[in-house]
Every structure is written in C-alpha cells, then in structure tokens.
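Read through the structure below, which is laid out as structure tokens, and then see the notes.
The values are calculated or read from the model by the stated rules, or taken from the named source; none is laboratory data. Quick caveat, the model's predicted, so the values are computed rather than measured. Every residue, glycine among them, receives a Cβ derived from its backbone with ideal geometry; neighbour counts consider all protein chains shown. The protein model used for the area step is the full one, side chains on, heavy atoms only, and it has no ligands, DNA or RNA in it. Shrake-Rupley method; radii C 1.70, N 1.55, O 1.52, S 1.80 Å.
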Amino acid sequence: MNTPADTSTDTNQAIPKPRWFRRLMIACTVIVSMSVIAVLTFPYTLPWLLDKQDIEFQWEHPRWHLDGFSASNIKIKLRAQGSNLKQIELNNLRLYWTRHKFPIRRLEIDHLQAYWPLTNPNEATETEPLVLSNALYKWLPQEVQLTRIEAQITDLGLLQGNLNLQAS
C-alpha cells in the first residue's frame, strides 16, 4: 500500500540548471564588478597613469553625470628636460556628450590659465603644419565656450580674452 509520503512527484524537485547558465552568470558578475571598480577608481588611477608619462595631473571634485562630466579645478604640468615647464589650469570644466553624430557636444571652461613655451632654443623649429586625422574630427566638441583665457606664451607674450566657437 502506498502512503502519501512514499509517492514522489517531479514537481517538488528543483530543476537543475545547465552548467553554461552558471558560467554565464559568473562571467556577467565578474564583468559588471570590474566595470564598477574601474569607474570608481578612475579619479585615482588617471593621475597615477599620467605620472608614469611625466605628466603631473591633479583634479578636484570630478563628477560623472548622465549627459557629461565636470570638475572644479584641473592642473596639468608637463615635466620637460631643462627649464621649459608647460602647464595648464582649468577652472570649472564641464563636458557634455551625446550619442548622436558628434559624441562630445559642448565643452565649457570658466577660466583657462596656461604657461606654454613655444620652442626650446636648443631644438630646431618645425615648419610643418599641424594636420588632424579625419577620425579625430568627430571627437572634437561642436561647441566650445572659454569664458576667460590667460595664456603666457614665451616669445609671443600674454594672450587674454574669451572664446565662443560653434562648429557645423
């Protein structure tokens, strides 16, 4: 005689999931975890990576937004041999992007301050014009707004002003 405890039905047993499903879930978890770690450590790893290239980089309050990026102060110094120190300071940088034709839509900087020597007296001057690759054009912003510019350029003097540029 069969009692209810003796009978077993397949509906009470868990259905084993295939091995590929478990491996896929582990792989997705690892990829998502690594992506989150990369985004969270980016403000610390970028200055370290640039320092390895003899570029001193500091920034304050970097923030990612859904439509862009902002930072309150950015300082970049290129360590050069000799006395030709090149440096740029950017105050209140805001970068807006989109997923359309031009990835970077707008670049805004409240104050740009630069010290940039043009030539080194020990090096020969280059007369070749600067040519940008066509692939680089799509990464340039459509709009650039520099509210205040102060650039000390050796052999030229002090450049002051502002810049509003819209590209088509």
- Note on the structure: The residue that is nearest to the chain's Cα centre (by Cα), considering only those in segment 26-41 that are open to solvent by 80 Å² or more (accessible area, probe 1.4 Å) and within 20 Å of HIS61 (Cβ to Cβ), is VAL39
- Message: I need every pair where a residue in segment 144-160 that is in contact (Cβ under 8 Å) with a residue 40 or more places away in the chain has its Cβ under 8 Å from the Cβ of a residue that is part of a strand (DSSP E or B) and of a type in the set (A, V, I, L, M), sequence separation at least 6 or different chains.
- Response: none
- Conditions (1) modelled with pLDDT under 80; (2) over 24 Å from GLN113 (Cα atoms); number of the one not met by ARG19: (1)
- Message: Anything in segment 137-156 that is assigned to a loop (DSSP other than H, G, I, E, B) and of a type in the set (Asp, Glu)? List them, or say none.
- Response: ASP155
- Message: Could you go through segment 125-138 and let me know if any residue there is on the phi < 0 side of the Ramachandran plot, at pLDDT 75 or above and not β-branched (Val, Ile, Thr).
- Response: no
- Query: So, of the residues in segment 42-67 that are acidic (Asp, Glu) and not in a helix (DSSP H, G or I), which turns out to be surrounded by the most Cβ atoms within 10 Å (Cβ to Cβ)?
  - Reply: GLU56
- Query: Checking SER83 against (1) at pLDDT 80 or above; (2) surrounded by fewer than 16 Cβ atoms within 10 Å (Cβ to Cβ), which test does it fail?
  - Reply: (1)
- Task: Can you work out which of the residues in segment 22-57 that are within 30 Å of LEU78 (Cα to Cα) and of a type in the set (Ser, Thr, Tyr) is modelled with the lowest pLDDT?
- Result: TYR44
